[in-house]
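What follows is one structure encoded as structure tokens, with my remarks underneath.
Computed from the coordinates by the stated procedures, all read-outs in this text should not be read as laboratory data. Owing to the predicted nature of the structure, the values given are computational and were not obtained by experimental measurement. Because the Cβ atoms are built from the backbone with ideal geometry, glycine has one as well, and the counts that use them run over all protein chains shown.
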Amino acid sequence: MRGTGGKEWEGSRATGLSTPCAIVSQANSSIESSNSRAGRFRKRTPARLELQSPARTPPQAGASGPAARAPHSVPSVEATPLQPPFDSSTFLSIAGVILFESTGVLVIAGKIIALIDWREHDLPRMKRMLSMIGWVAAAWALCGCGPSSSPQTPTGTNRTSKAPAKKSKYIIGMSQCNLGEPWRVQMNADIRAAAAKHPELEVVFKDAQNDTLKQRAHVEEFVSAGVDLILISPKEAQPLTEPVARAVDAGIPVIVLDRRLLGDKYTCFIGADNRKIGRAAGKWIVRKLGGKGNVVELKGLMTSTPAQDRHAGFREAIAGTDIKVIFEADMKWLEPEARKEMESALARFNKIDLVYAHNDPGAHGAYLAAKAAGREKEMLFVGIDALPQEGVAYVRQGILSATFQYPTGGAEAIETALKILHGEKVPKEITLGSRIFTKENVDRGGDPIP
Ligand code: FRU
């Protein structure tokens, strides 16, 4: 099998499957593919699965070293320019391949010579023959037609170091934790739009439908199908940590989007700073309420990191003020849950000054509950996400007093994936910026949060 060995990792992996592999589709999970190739992708025979390399090169220090951790501001969404075909590392790699291939060919040549009747052939003729074989071997290696130059150790690691060979097609598996919320639909749309600018990329989307076990299975399927790279926006941190770590062990680069995992066994994390957003929301609320008041906090799924951080940042900002959180509940990021929880809050408290929800669907659910109780004018509603068609529209309509932008990172994910696939170094963490939208600044596109 050619090229299954991972090559040099620079926060990345050289994949090397010579053709796209099959993804096993699950009856109960939705799968779609970018670049109109979903059908072709699904039809591949299971036999291709045998191409999966049992051993891929795990990421090395470059991916997680301190330098790689330097936080980034919002990166540009421009397509990554292709590198010139023969930089020094490529040259070295080719030389290495030639060396390795030639060794094998020399062995074969020796065997051929042994079969030749020496009495009938003079030495110069022999030399010519050997040199011809050498040239054929070199050409073979240069074309990349030779057998794998990456012998694998029994533990599955790969000892050779070689820049990743450019491929004409890369398969990216994208596991989305659910598509029930507009923000996630937007993330997939951003990924799809960015990938469409690169015909060599094919993204296979899977929707875990808010089911952690399903999402674990998706990651495992991507690994056994031998995709070139995995994108994942995990539902929860803990249960998705292990399958992602196994993907990395198998040599597949993984970009984690928006919600974090535990530890640092992934290639790159892309997302906004949720603690900072929570703190900005808290500071804004303190100012707006003049430092005192009764607040309801509707938290996102607390087993996911954005909820933990939005909570912690908010509490940090209101500490020492007379803002009291009189009711808090986990609405799991879901509007109907938020509405239900808000009904309880309304039933228990006569005076609520403000609802801080960890996302805009949550804030909207709370608003609907208050409206149904005829109390929506008594309080303010603050959310996070600021999708133009959702949170920002609510601000324009006077439903929300403020929303804080939470960018999807979809375009940055594709930009980073391309770098990884081309063997470039990427930071361990890419931090996206955020903006606040209120009725005062919405017409000018909000303001950045400091
Ligand atoms: C969508 C969502 C967003 C939120 C993000 C946090 O599922 O709930 O509203 O900002 O996830 O991960």
- With a Förster radius of 30 Å, plug the Cβ-Cβ distance of ILE326 and GLU242 into 1/(1 + (r/R0)^6) and report the FRET value to the nearest 0.05. 0.20
- Query: Once phi is turned into θ = phi - 60°, what whole-Hz ³J(HN,Hα) does the Karplus curve with 6.51, -1.76 and 1.60 give for every residue of the stretch 261-275, x standing for Gly and Pro?
  - Reply: 9, 8, x, 10, 8, 7, 8, 7, 10, 10, x, 7, 8, 5, 5
- Note on the structure: Once GLU424 and LYS340 are pulled to full extension, the length gained, defined as 0.36 nm per residue separation minus their Cα-Cα distance, is 25.4 nm
- Query: In which sequence would CYS268, CYS177 go, from the one with the fewest C-beta neighbours within 10 Å to the one with the most?
  - Reply: CYS268, CYS177
- Task: Work out the FRET efficiency for GLU220 and ALA312 from their Cβ-Cβ distance, taking R0 = 35 Å, and round it to the nearest 0.05.
- Result: 0.65
- Dipole of the stretch 170-272, Cα-centred, from +1 at each Lys and Arg C-beta and -1 at each Asp and Glu C-beta, to the nearest 20 debye? 160
- Query: What relative contact order, as a whole-number percentage, does the stretch 170-272 give when Cα pairs under 8 Å and 6 or more residues apart are counted?
  - Reply: 27
- Message: Students often forget the sequence filter, so: which lysines lie under 23 Å Cα-Cα from LYS351 once same-chain residues fewer than 8 apart are removed?
- Response: LYS283, LYS288, LYS292, LYS299, LYS324, LYS340, LYS371, LYS377
